[in-house]
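The values are calculated or read from the model by the stated rules, or taken from the named source; none is laboratory data. None of the values given here were measured: they were computed from a predicted structure. Every residue, glycine among them, receives a Cβ derived from its backbone with ideal geometry; neighbour counts consider all protein chains shown. Accessible surface is based on the protein model in full, side chains and every heavy atom, while ligands, DNA and RNA are left aside. Shrake-Rupley method; radii C 1.70, N 1.55, O 1.52, S 1.80 Å.
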Amino acid sequence: MAYKRSKKKSQTNAAAYLAIAAGLVLLIVLIAIIAANLGGKPSQQATASPTAGTTPMPTYSADIIYTAPPADTSSADITQEPTSSALQQQNLSVPQDKLFCIHLTVDSGELLESEPVFDESYMILTDDETDYTDVRLLVFLTDYNGNSKVYRFDTTDITIRLKSFLLPGADSPIAIDELSELSIRVDAAQNLHLTWSGNTIRIDGEGTGQNSISAQIYDHMITVSARPLGLFDKADYQR
C-alpha cells in the first residue's frame, strides 16, 4: 500500500511542473510579442493624419511679424511721366538757345504815332541792340489801334503794366488802376495762365478753348487776349 501512494504523488508533482513550465513559456511569448509591438509601432500622435474637413494650422511666434520688402524703384527701366496737373504747377524751363514767345492783344491802349515794331512773323523790325543771353520770354503786344511793343523777360512768370487805355470816343488815354496789372505764367506744358481784372484763365498751349478776359469800365468793354506762339530760335533775334 505504501508503494502505490508514493507513485501517485510523483505523478501529480510532475504534472504540476509541466503546467508551470508551459505557463512560463506562454508568458515569455506574450512578453516578446508585446515588446515587439511597442518597439516597432509608430506613435499614433506622430502619424495621425488630419480628419476629413480639418486643415492643420501652422503655429507662429507672436513676436515674429512678416513685412513685405519695399518695391525696388531704383531700376533704370522704371520711369514715371509727370501728370498734366504736375506740369501745370511747374513753370516752363526754356533752353538756353530758345525764346518762348506770346502774342498779347489789348483792345484799348495808349495811342502812339509810331511804326509797328514787329511783323506778322514776329520778327522785330527796329534796330535791336538787346543782349539776349539771359532773355527767355518775348511778349509781342498789339492794341486795337495797331500800336505794338515788345517786352523781354528772363523768366516765364511775369507781370506787365498797362499804363493807360484809350476808350472809344475819348480824346486821350486814361489810366485805370484796377486794370493796370496783367500777369502771365507759362507752365511746363506751354499753357498760359493769364491773370487780369481779378480773373485768371488757363489758355491752352494748342490754341483751343478760352483765350481772353473781358472787363467793363465806364460802360465800355475792354478785352485782353493772349496766344502762345511756342519756342523760337534765339539766334533769329540776337544781333
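Highest mean packing comes first when the peptides 98-108, 156-166 are listed by Cβ atoms within 10 Å, giving 98-108, 156-166.
What is the sum of charges around Gly205, taking Lys and Arg as +1, Asp and Glu as -1, for the other residues whose C-beta is under 12 Å from the C-beta of Gly205? The answer is -1.
If r is the Cβ-Cβ distance from Glu129 to Glu181 and R0 is 22 Å, what FRET efficiency results, to the nearest 0.05? Don't jump to the answer; show the numbers that get you there.
Numbers: r = 29 Å, r/R0 = 1.30.
FRET efficiency, Glu129 to Glu181: 0.15.
Here the range 85-239 exposes an accessible surface that is 44 percent carbon and sulfur, computed with a 1.4 Å probe and the other protein chains kept in place.
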